[in-house]
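Right, one structure below, let's go through it.
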Amino acid sequence: GRAAPLKTPAYADLDLVLEGLDLSTVTPYSGTYLGLEIDRGSLTVKSRAKVEGGKLAAENRIRVDQLTFGKTVKSDQATILPVQMIVDLMRDRNGDIVLDLPVAARTDDENMMGTIVGQGVKEVIFPPSSPLRNITFAGCSADLEDDARSRLRKLAAALQDRPAMKVTAFGY
């Protein structure tokens, strides 16, 4: 790609491809920050990013193949989040994690990294195609509209594709 990061305003038009990075090589970091060694897995990242006119726009596809954790590591810096559970929920039926993460931000945003991380989290938890966005019943009724039924079918398909994910529904 091309980049002029010192130009005002900065400019970049880049394609990045990182294929088959052996994740076991990052065990010192995963042990420190996740509290887990990585026995195996590979990472592929394909990214297209453009910075122009003070705006960043990027399309990112991240694939983690066959991530397998090893021993637990004692670390004061390790997260308290249930990492293995989160990873299991993100796996598809082949055991892989595939994420499509679009990013958009202004380069003059003082909290640009926070904005980008927030977008990433939102895309992972509730992507635009998520059937969970709004499933509503008709007022005072147990009937669903056709659109809501369609979204519930999509949810069922997503649950079938991710065997570790479970849903509990409570009615009243």
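The values are calculated or read from the model by the stated rules, or taken from the named source; none is laboratory data. What you see is a predicted model; the values in this text were computed from it and never measured. Here the Cβ positions follow ideal geometry from the backbone for every residue, glycine too, while neighbour counts run over all protein chains shown. Heavy atoms of the whole protein, side chains included, go into the accessibility calculation; ligands, DNA and RNA do not. Shrake-Rupley method; radii C 1.70, N 1.55, O 1.52, S 1.80 Å.
Tabulated values for the structure
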{"read-out": "Number of the condition not met by Leu14 [criteria: (1) open to solvent by 100 Å² or more (accessible area, probe 1.4 Å); (2) over 20 Å from the mean Cα position of the chain (by Cα); (3) closer than 24 Å to Asp109 by Cβ]", "value": "(1)"}
{"read-out": "Selection count where residues are modelled with pLDDT under 75 and either closer than 25 Å to Leu101 by Cβ or basic (Lys, Arg) (or both), scope the range 124-157", "value": "12"}
{"read-out": "Matching residues, the range 100-115, being touching a residue at least 24 places away in the same chain (Cβ under 8 Å) and outside any strand (DSSP E or B)", "value": "Thr107, Asp108, Met112"}
{"read-out": "The range 23-60: number of residues that are closer than 22 Å to Leu101 by Cβ and open to solvent by 70 Å² or more (accessible area, probe 1.4 Å)", "value": "8"}
{"read-out": "Residue in the range 67-79 that is more than 24 Å from Ala158 (Cβ to Cβ), more than 17 Å from the chain's Cα centre (by Cα), hydrophobic (A, V, I, L, M, F, W, C) and open to solvent by 40 Å² or more (accessible area, probe 1.4 Å) present", "value": "yes"}
{"read-out": "When residues of the range 136-163 are limited to those that are part of a helix (DSSP H, G or I) and open to solvent by 70 Å² or more (accessible area, probe 1.4 Å), the one nearest to Leu89 (Cα to Cα)", "value": "Gln160"}
{"read-out": "Residues satisfying the stated conditions in the range 80-99, i.e. open to solvent by 40 Å² or more (accessible area, probe 1.4 Å) and either assigned to a loop (DSSP other than H, G, I, E, B) or over 21 Å from Arg40 (Cβ atoms) (or both)", "value": "Ile80, Leu81, Pro82, Arg91, Arg93, Asn94"}
{"read-out": "Members of the range 43-66 found to be assigned to a strand (DSSP E or B) and either over 30 Å from Ala157 (Cα atoms) or of a type in the set (Lys, Arg) (or both), listed by number", "value": "Lys46, Arg48, Ala49, Lys50, Val51, Glu52, Lys55, Leu56, Ala57, Arg61, Arg63"}
